1. Give me a count of the residues in segment 28-69 that are modelled with pLDDT under 95 and either under 24 Å from Arg18 (Cβ atoms) or touching a Ser or Thr at 6+ places or on another chain (Cβ under 7 Å) (or both).
2. Ala73 - would you say it is loosely packed, with under 12 Cβ neighbours inside 10 Å, at pLDDT 90 or above and assigned to a helix (DSSP H, G or I)?
3. Take Ala48 and decide whether it is under 23 Å from Phe25 (Cβ atoms) and surrounded by fewer than 12 Cβ atoms within 10 Å (Cβ to Cβ).
4. State the number of residues belonging to segment 1-40 that are charged (D, E, K, R) and not in a loop (DSSP other than H, G, I, E, B).
5. Here is a list of conditions, (1) surrounded by 11 or more Cβ atoms within 10 Å (Cβ to Cβ); (2) over 19 Å from Gly30 (Cβ atoms), and His67 meets all of them except one; can you say which number that is?
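The values are calculated or read from the model by the stated rules, or taken from the named source; none is laboratory data. Note that this is a predicted model, so its numbers are computed, not measured. Neighbour counts run over all protein chains shown; Cβ positions are idealised from the backbone, glycine included.
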Amino acid sequence: MPPRWPRKPDRRDPDYRRLDDRMNFAVHVGIFAACNSGFWFFRNLFYAEWEWVYWVTGIWLLILVAHAVYIFAIADYAPLTTQDSQNQSL
(Lines give C-alpha, C1' and ligand atoms only; values in the text may rest on other atoms or scores of the structure.)
Protein backbone atom coordinates (compact mmCIF):
# COMPACT_ATOMS: atom_id res chain seq x y z
CA MET A 1 0.00 0.00 0.00
CA PRO A 2 1.52 3.36 -1.00
CA PRO A 3 2.19 5.93 1.70
CA ARG A 4 -0.59 8.45 2.20
CA TRP A 5 -0.11 12.01 3.27
CA PRO A 6 -2.93 13.26 5.55
CA ARG A 7 -2.80 16.84 4.23
CA LYS A 8 -1.90 18.74 1.09
CA PRO A 9 1.81 18.11 0.27
CA ASP A 10 3.92 21.23 0.74
CA ARG A 11 7.73 21.51 0.80
CA ARG A 12 7.43 24.06 3.62
CA ASP A 13 6.08 21.31 5.88
CA PRO A 14 9.05 19.80 7.81
CA ASP A 15 7.46 16.35 8.08
CA TYR A 16 6.81 16.28 4.34
CA ARG A 17 10.41 17.34 3.57
CA ARG A 18 11.75 14.60 5.85
CA LEU A 19 9.55 11.95 4.22
CA ASP A 20 10.38 13.19 0.73
CA ASP A 21 14.13 13.11 1.41
CA ARG A 22 13.94 9.60 2.86
CA MET A 23 11.88 8.33 -0.07
CA ASN A 24 14.43 9.84 -2.49
CA PHE A 25 17.18 8.08 -0.52
CA ALA A 26 15.28 4.77 -0.78
CA VAL A 27 15.06 5.23 -4.56
CA HIS A 28 18.80 5.94 -4.63
CA VAL A 29 19.50 2.73 -2.68
CA GLY A 30 17.27 0.72 -5.03
CA ILE A 31 18.95 2.05 -8.17
CA PHE A 32 22.38 1.41 -6.62
CA ALA A 33 21.43 -2.18 -5.76
CA ALA A 34 19.89 -2.92 -9.16
CA CYS A 35 22.74 -1.46 -11.23
CA ASN A 36 25.60 -2.86 -9.16
CA SER A 37 24.11 -6.33 -8.87
CA GLY A 38 23.76 -6.31 -12.66
CA PHE A 39 27.36 -5.17 -13.12
CA TRP A 40 28.70 -7.90 -10.82
CA PHE A 41 26.38 -10.58 -12.24
CA PHE A 42 27.55 -10.02 -15.82
CA ARG A 43 31.16 -9.63 -14.71
CA ASN A 44 31.01 -13.08 -13.08
CA LEU A 45 28.86 -14.62 -15.83
CA PHE A 46 31.36 -13.79 -18.57
CA TYR A 47 34.48 -14.10 -16.39
CA ALA A 48 35.24 -10.59 -17.56
CA GLU A 49 38.22 -8.55 -16.45
CA TRP A 50 36.13 -5.47 -15.73
CA GLU A 51 38.35 -3.48 -13.40
CA TRP A 52 36.03 -0.48 -13.69
CA VAL A 53 33.33 -2.33 -11.70
CA TYR A 54 35.35 -1.93 -8.51
CA TRP A 55 35.64 1.81 -9.06
CA VAL A 56 32.00 2.33 -9.99
CA THR A 57 30.77 0.36 -6.98
CA GLY A 58 33.19 2.00 -4.56
CA ILE A 59 32.58 5.58 -5.67
CA TRP A 60 28.83 5.10 -5.86
CA LEU A 61 28.84 3.51 -2.40
CA LEU A 62 30.72 6.52 -1.01
CA ILE A 63 28.15 8.85 -2.58
CA LEU A 64 25.35 6.72 -1.10
CA VAL A 65 26.92 6.87 2.37
CA ALA A 66 27.33 10.65 2.07
CA HIS A 67 23.67 10.91 1.05
CA ALA A 68 22.66 8.83 4.09
CA VAL A 69 24.77 10.93 6.46
CA TYR A 70 23.17 14.09 5.13
CA ILE A 71 19.60 12.75 5.33
CA PHE A 72 19.85 11.11 8.74
CA ALA A 73 22.35 13.35 10.57
CA ILE A 74 22.83 16.76 8.96
CA ALA A 75 19.56 17.83 7.32
CA ASP A 76 17.62 20.50 9.20
CA TYR A 77 13.88 19.97 9.03
CA ALA A 78 12.92 22.98 11.10
CA PRO A 79 9.85 24.88 9.90
CA LEU A 80 10.69 27.38 7.18
CA THR A 81 10.14 31.07 7.84
CA THR A 82 8.31 33.29 5.37
CA GLN A 83 11.61 34.60 3.99
CA ASP A 84 12.97 31.06 3.51
CA SER A 85 9.86 29.94 1.66
CA GLN A 86 10.10 32.94 -0.70
CA ASN A 87 13.75 32.15 -1.46
CA GLN A 88 12.97 28.46 -1.99
CA SER A 89 10.26 29.20 -4.55
CA LEU A 90 12.70 31.16 -6.75
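1. 0
2. yes
3. On the way: under 23 Å from Phe25 (Cβ atoms): no; surrounded by fewer than 12 Cβ atoms within 10 Å (Cβ to Cβ): yes.
Judged against the criteria, Ala48 is not a match.
4. The first filter runs over segment 1-40 and keeps only residues charged (D, E, K, R), leaving 4, 7-8, 10-13, 15, 17-18, 20-22.
Filter once more, keeping what is not in a loop (DSSP other than H, G, I, E, B): 15, 17-18, 20-22.
Number satisfying all stated conditions: 6.
5. (2)
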